[in-house]
Structures are given as structure tokens and as C-alpha cells.
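Visitor: Would you mind keeping the following structure in view while I ask a few things?
The values are calculated or read from the model by the stated rules, or taken from the named source; none is laboratory data. This one's a predicted model, so the numbers in the text were calculated from it and none came from an experiment. We place every Cβ from the backbone using ideal geometry, glycine too, and count neighbours over all the protein chains shown.
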Amino acid sequence: MTRRIGPRLLSMLVLLIGGPAVAQDRSVCFEPQTVVLTSDGYRTALEAVAALGSTTPRNERGSPSSLAVVIPQSAGALERSRAEEALLELLIAGAPPIQARVIAEGDRGEGDCLPIRVVPDCCVIRENPSLFFDSGSDVTPRDWRRSGRFLLVDYRPGESLFMVDGHTDTAEADVALSRRRAENAALDLVRLGVRWDDIRITGHGDTRLVRPTPPETAEPLNRRVDIRVGRRPPERLD
């Protein structure tokens, strides 16, 4: 199983619920005007994950439900950053990545606190974001390294393998640019704590377009880096 991550992770993780939400039962709180959780906030994250593990709530299809950090639909930068921190704490506390979410709901927040709810997976829309680049540029997006921390939640040095694939939108941009994009994303991973030996880099040029276009047609969605995290295959004994 692999995961991908990219810039503006939180905006991609802000999910809309298509059905009624389960009643709120916890809130994680922050120090005023900061993204720092209070001591009670850290405890709430631990309790929420423990409760999810002990009850294993399921939807009508038999799939596990998810823990959701709730922000208002009109959330500003501070609320979104707080939601990112709360989500990271849920993952650190042991919530499975596929069972931790951020959702946008309602028009009003709760001051310095964000609700944590149990939501049915049947109503969640998942996104698989990538890193996107300006035309001709190999500079990684400014905001991606912060959200890239999510890749390291279950990182196991020597066992995990980060596969970093660079892409361009035209043949003129060439394979070299796609590889430089992948290398710069890999360097950011190293700055976050990933061992270089746990990274594999590939430049594909314009051979794997996520949105097919005529030759030499610029397409922002194709100027990207995909990062997948998996486990190393067992070594062969000859």
C-alpha cells in the first residue's frame, strides 16, 4: 500500500461530508493565537485514538469509520494550520492514516478548540495530492515541507522506501528537469529526517501525463512530483 503527498496538503484533505455527521464527543484545544496544543489537547488526541481502537465503529458497509478534525467551511489560515497539527497528533498517537481526516462543516468555529468526531467512511471523499511546479522550475512549493511531515508518521529507517517520481508537461522540458524536481523533493525529505538510502529517485519527463495533452502543450497538473511510501522488498538470497 502506498501514499502520496504534496503541496497544500490540508486544502486537499479538507473533505466534505455527504451525509449526517455523528455527534461531537471531543474537542482538541490550542494555546491562544497559536498552533500549539494545550496539555489537555494532547490528552484528547490520545483518548480519541484509544476510543477508536477499542470500539472500531463501522459504517453500514462494514468498513471502519474515521476520526475527523472539524473546521468551519470559512476556516482561515490559523484554523487550517491547527487542523493540520491536530491531524498529525492523531497519526502520531496511532490512528491509521486511512482513518484520520479533516472535514469542513458548518459556518462557525469553537474559539481555540476544534471538534474531533467519528464519521462514516462511506461519506468521505479521498484525495491523493502531488507536488506541483511552476513552468520550467525545479523549486519545490514553499508550503509542502510542512505538510510533508505526514509522510514520516510511520517511517521506519531501513525498512521504508520513499519512491520520488518527477514529471514534466512537455518534451521540451525533458527528463533532466523532471529528475531535478524529484531530487529537490528528495532533499526536502532528507531535511525532514528521511535517510538518503531510503529514497529512490526517477525522472520520467513527459511520458506519464496525469492529464493527456497534445504535444508541447503546457499543463500545470503534469508539472509534478509524486511521492509514494512503501516497504522495501525482501532481499534475495542467491
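Visitor: Taking region 188-202 as the region of interest, how many residues are surrounded by 16 or more Cβ atoms within 10 Å (Cβ to Cβ) and of a type in the set (A, V, I, L, M, F, W, C)?
Guide: Summing the residues that are surrounded by 16 or more Cβ atoms within 10 Å (Cβ to Cβ) and of a type in the set (A, V, I, L, M, F, W, C) in region 188-202 gives 4.
Visitor: Among (1) at pLDDT below 80; (2) surrounded by 15 or more Cβ atoms within 10 Å (Cβ to Cβ); (3) over 22 Å from Asp226 (Cα atoms), which single condition is Leu114 missing?
Guide: (1)
Visitor: From the list Gly205, Gly166, which residue is crowded, with 17+ Cβ neighbours inside 10 Å, at positive phi and of a type in the set (Gly, Ala, Ser)?
Guide: Gly205
Residues are listed down the side, and each one gets a yes or a no for (1) in contact with a strand residue (DSSP E or B) (Cβ under 8 Å, 6 or more places away or on another chain); (2) over 21 Å from Leu161 (Cβ atoms):
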residue	(1), (2)
Ala186	yes, no
Arg191	no, no
Arg200	yes, no
Pro212	no, yes
Glu216	no, yes
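Visitor: Among the residues of region 30-73, how many are of a type in the set (S, T, N, Q) and either crowded, with 16+ Cβ neighbours inside 10 Å or at pLDDT 85 or above (or both)?
Guide: The total comes to 8.
Visitor: Another question about this same structure. Residues of region 123-174 being farther than 30 Å from Ala68 by Cβ, modelled with pLDDT of 90 or more and of a type in the set (A, V, I, L, M), which ones?
Guide: The one that is farther than 30 Å from Ala68 by Cβ, modelled with pLDDT of 90 or more and of a type in the set (A, V, I, L, M): Val139.
Visitor: Also: Among the residues that make up region 133-150, is at least one of them surrounded by 14 or more Cβ atoms within 10 Å (Cβ to Cβ), closer than 17 Å to Ile227 by Cβ and aliphatic (A, V, I, L, M)?
Guide: No; the residues of region 133-150 include none that is surrounded by 14 or more Cβ atoms within 10 Å (Cβ to Cβ), closer than 17 Å to Ile227 by Cβ and aliphatic (A, V, I, L, M).
Visitor: Among the numbered criteria (1) closer than 28 Å to Pro96 by Cβ; (2) out of contact with any Lys or Arg (no Cβ under 9 Å at 6 or more places or on another chain); (3) of a type outside the set (Gly, Ala, Ser), which one does Glu183 miss?
Guide: With respect to (1) closer than 28 Å to Pro96 by Cβ; (2) out of contact with any Lys or Arg (no Cβ under 9 Å at 6 or more places or on another chain); (3) of a type outside the set (Gly, Ala, Ser), Glu183 is out only on (1).
Visitor: Considering only region 184-204, state which residues are within 11 Å of Val225 (Cα to Cα), without any contact (Cβ under 8 Å) to a residue 40 or more places away in the chain and not β-branched (Val, Ile, Thr).
Guide: Ala186, Gly203, His204
Visitor: Mind counting the residues in region 76-111 that are more than 18 Å from Gly148 (Cα to Cα) and in contact (Cβ under 8 Å) with a residue 60 or more places away in the chain?
Guide: Residues in region 76-111 being more than 18 Å from Gly148 (Cα to Cα) and in contact (Cβ under 8 Å) with a residue 60 or more places away in the chain: 4 in total.
Visitor: Within region 20-29, track down each residue that is farther than 16 Å from Leu88 by Cβ and either at pLDDT below 85 or not hydroxyl-bearing (Ser, Thr, Tyr) (or both).
Guide: Pro20, Ala21, Val22, Ala23, Gln24, Asp25, Arg26
Visitor: Further question on the same structure: Do the conditions hold for Asp174, that is, is it in contact (Cβ under 8 Å) with a residue 12 or more places away in the chain and part of a loop (DSSP other than H, G, I, E, B)?
Guide: Answer is no for this residue.
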